[in-house]
Structures are given as C-alpha cells and as structure tokens.
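Report on the structure given below.
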Amino acid sequence: MSPLDAFGQAYLRLTLEIDKHVAGYIDAYYGPEALREEVNAAPPRPPAALLDDLARLEDSIPGDDPARAVYLSATLRAVECTLRLLNGETFDYLQEVHRLYDIHPQLTPESAFESAHRALDSLLPPLPGGDMAVRLAVWRRRFEIPTERGPALLELARAETRRRTAAFVALPDEESVEVRLTSNQPWSAYNWYLGNGRSLIEFNTDLPLNATALLATFAHEGYPGHHTEAVLKEQALYRQRGYAEQAAALLHSPAAVIAEGIATTALDMIFPDGTGHDWTVEVLLPAAGIAVEPDTAERLRGLEAAGAALRAVNGNAAILYHTGQLDEAQAQDYIRTYGLTSPERSAQIFRFCTHPLYRSYSFTYSEGHRLIAASADPVATFRRLLTEQVLPSELAAP
C-alpha cells in the first residue's frame, strides 16, 4: 500500500494519544508500528491540547470520497465526545450514547419482556416449584461442559463456521484465528484483531461454557463476525485504499454499532432459519457427550425465538441505572428478573454495563442487530457492511 497521507497520520496520532488516557479505547490497531512506538514513547498530551488537534483534523477531512467524508465527520464527533469527557465535561447519558455511537436507544416496554416470559413458559420443561428463571437455568445446565472440553468443541465450531463463511464471502488465504481460554473478565468472549488477517479470540471461563452457545459465539467473534469484518475491511479499505481510520478500531465510535450488528446477526447468515441448532444437536452435543432428544433442536429454536425480546433487557438496565432511576442492587435485580439470569450472570452483566470502557456500549448489540434485521434485505446489508464504511444513522434512515 502507499504511504499514509497527512490526514491519516494525524488521525492515528490523535487516537493513539487518547488511548494513553483511556486504556482500551483502540480496540485493534494495525497501522504503522513505528508511529505507535513514537506516540507511546512520549508523555501523554493533555486532553485540551488534543481537542486542538481534533479541530485541525475536522478542517482537513479528505473530500475525494463523499461517503468517507460523512463517515469521518461522524467518527470525529464521537472522538470529540470522548475528549470532552476527558476534559471533565458531562453529558446526559443518552446524549453521550448518541454522540459516541450515532444511535438513539430508547427504553423497551417491559410488557415485551413479560410476553417473552409467557412464550418461554410454554416451551420450557415443567419443574415443580421452579420459577421461570430457575427452569431456564436448569434447562441450560444440561448443556454445560467442563472447561477442559472447551478447546476441542470450539475447534469444531471454528472449522464449521469458517467453512460456511468461505462459501458466503471470499476470505483471503492468509487469514487465521487463534483460540484461548481466559478468566476474570467483564465479557464472555472477545476478539482481539491483530492485523494482517489474524485474530486472537478469548473465551471467559468465569461462568460455565455452554455447548448450545458455542456455535453462535464463534460466529459472533470469528466467522462471519468480528474477525471476518476486520479481515475484509483491512484488505479493502486500509491496504487497498489507504484509509488510515480503519487501522485503529475505536471502541467508542459509530463503527462499533456496525461491528456488533454484524456479529449478532452473523450466525443467521451462515445458518439461516435457526438451522445452527440442528448442527449443534447433530454434531456438537454428541461430541460433548451430551444426550439429546428428538425435539431438542426444535425446542432450542423455539426458545431462541421466544427470548429474542430479552436482548433489550441489559440496555434498559443501563439506562435506568445511569439516569439514577435504579441503584446497583435494583439494576442487578432488574437484569435477573426480566433477563431470567442467575445472580452470578446478572452481576457480570452489571459489571459490563458500568465498566468505564463499556458503560454506554450495551446498545451497540441490540441496536446493531435491529438495524440489520429490519433492513429490506438483511443478507445484502450484511455483505455490504463487511467491506464498506456505513453509519448507523444511514441504516436507520427511511
């Protein structure tokens, strides 16, 4: 690729400087290593000075690609919000979410969760004296696997999702994924994109691994989710077109909504109509030594559809907590009650929703999924998003 232009170098310098103030702000970096080393060798510059750098960047946005110019303007508005927060300013919580992510999340009526509970009630096996959360936990516990069995089962999921993704989109020959188990993290799994087509995907073992979730999780983090998007955009936008902004994936930016939208709809692209459950029952569960019944796949499919509305529970809890309507205990109880989760899982979700890096991030999942699923042609939209710079507000526009 050709050397980065002045705008690209200044953009990467600014985001690398912010990352020194907000550890983890850059989720993945594969720009020039010499530039990163140079920035990191110098003392952190004060946020006020970085706002001056931002103003100069905003005045020098390249205009040769109008779509890119719009995308960069929205991205720099998110950068401005981060810098103003670093300078001690505060925003209304939902205003902060909009400035960072180019979305307008709203509270989902709790009647939608209650309706989902009724649907789940008709599908879960009966359990004398057990409430809905207990029944769901007992059902899920049937599919828990020992940590030591995780790597072999994850490899099955990796191989199948990659095979299907390679038939769905063209993958470069040199791409690869490494899988590791980890612990003591606020997330359940994470893709660390390393550049040059390589990813490290870590799975958190703080909570038991569940065999029925492995396929969806690998599709989310790897094929055709985060890893695939990063590989294709590195190739199409950074290597071929020199768009430096692609080489520093910002956790607090509109691109995160697109990334999580891709990830949360990834399984549907390669296993349409819930057929991933059939593969799980036919291949993964037997490999895990878990007995299945004739209706297991159909029951899993029904439970997933019935519980779809519960995706919004965590976002509701985040809004209610960060706007002062619930305290910590009440927020965890809200997640547990409406999300039908265990106390341990509720605590982990709350930890994520209040983590400095992720406090406004929860909506990227639900809003990203909604924007793709509600598009006129979700498959065509998904393919486009894998290689193009598109803003959430563009997908939301009528």
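The values are calculated or read from the model by the stated rules, or taken from the named source; none is laboratory data. Predicted model only: the values in this text are computed from it and were never measured. Every residue, glycine among them, receives a Cβ derived from its backbone with ideal geometry; neighbour counts consider all protein chains shown.
One table, with the values for the structure above:
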| read-out | value |
| --- | --- |
| Matching entry among 181, 156, 194, 207 (being assigned by TED's automatic domain parsing to the domain that holds residue 233, within 28 Å of residue 351 (Cα to Cα) and in contact with a Leu (Cβ under 7 Å, 6 or more places away or on another chain)) | 194 |
| Some residue of segment 263-277 being over 21 Å from the mean Cα position of the chain (by Cα), within 30 Å of residue 148 (Cβ to Cβ) and of a type outside the set (A, V, I, L, M) | yes |
| Selected residue (criterion: farthest from residue 366 (Cα to Cα)) from residues of segment 105-125 that are touching a residue at least 12 places away in the same chain (Cβ under 8 Å) and assigned to a loop (DSSP other than H, G, I, E, B) | 125 |
| So residue 10, is it among the aliphatic types (A, V, I, L, M), more than 24 Å from residue 315 (Cβ to Cβ), surrounded by 15 or more Cβ atoms within 10 Å (Cβ to Cβ) and touching a residue at least 60 places away in the same chain (Cβ under 8 Å) | no |
| Residue under evaluation residue 283, criteria (1) among the β-branched types (Val, Ile, Thr); (2) over 23 Å from residue 91 (Cβ atoms); (3) within 25 Å of the chain's Cα centre (by Cα), criterion not met | (3) |
| Only listed residue being of a type outside the set (A, V, I, L, M, F, W, C) and modelled with pLDDT under 95, chosen from 337, 381, 341 | 341 |
| Output for segment 174-188, where each listed residue is modelled with pLDDT of 90 or more, in a loop (DSSP other than H, G, I, E, B) and among the small types (Gly, Ala, Ser) | 183 |
| Yes/no for residue 143 being over 24 Å from residue 234 (Cβ atoms), touching a strand residue (DSSP E or B) at 6+ places or on another chain (Cβ under 9 Å), modelled with pLDDT of 95 or more and surrounded by 14 or more Cβ atoms within 10 Å (Cβ to Cβ) | yes |
| Yes/no for residue 224 being at pLDDT below 95, assigned to a loop (DSSP other than H, G, I, E, B) and either of a type in the set (A, V, I, L, M, F, W, C) or under 18 Å from the mean Cα position of the chain (by Cα) (or both) | no |
| Residues within segment 148-169 that are small (Gly, Ala, Ser) and either farther than 13 Å from residue 222 by Cβ or not in a helix (DSSP H, G or I) (or both), tallied | 3 |
| From 112, 152, 157, residue being modelled with pLDDT of 95 or more, of a type in the set (Gly, Ala, Ser) and crowded, with 18+ Cβ neighbours inside 10 Å | 157 |
| Search result, residues across segment 232-280 that are among the aliphatic types (A, V, I, L, M) and either over 30 Å from residue 57 (Cβ atoms) or free of Cβ contacts under 8 Å to residues at least 12 places away in the same chain (or both) | 266, 267, 269, 270 |
| Considering residues of segment 351-373 that are among the hydrophobic types (A, V, I, L, M, F, W, C) and under 16 Å from residue 315 (Cβ atoms) only, the residue nearest to the chain's Cα centre (by Cα) | 363 |
| Number of the exception - residue 241 against (1) farther than 30 Å from residue 6 by Cβ; (2) in a loop (DSSP other than H, G, I, E, B) | (1) |
| Residue list for segment 244-259, filter: in contact with an Asp or Glu (Cβ under 8 Å, 6 or more places away or on another chain) and in a strand (DSSP E or B) | 249, 250 |
| Residue that is farthest from residue 394 (Cα to Cα) [pool: residues in segment 68-109 that are surrounded by 18 or more Cβ atoms within 10 Å (Cβ to Cβ) and among the small types (Gly, Ala, Ser)] | 78 |
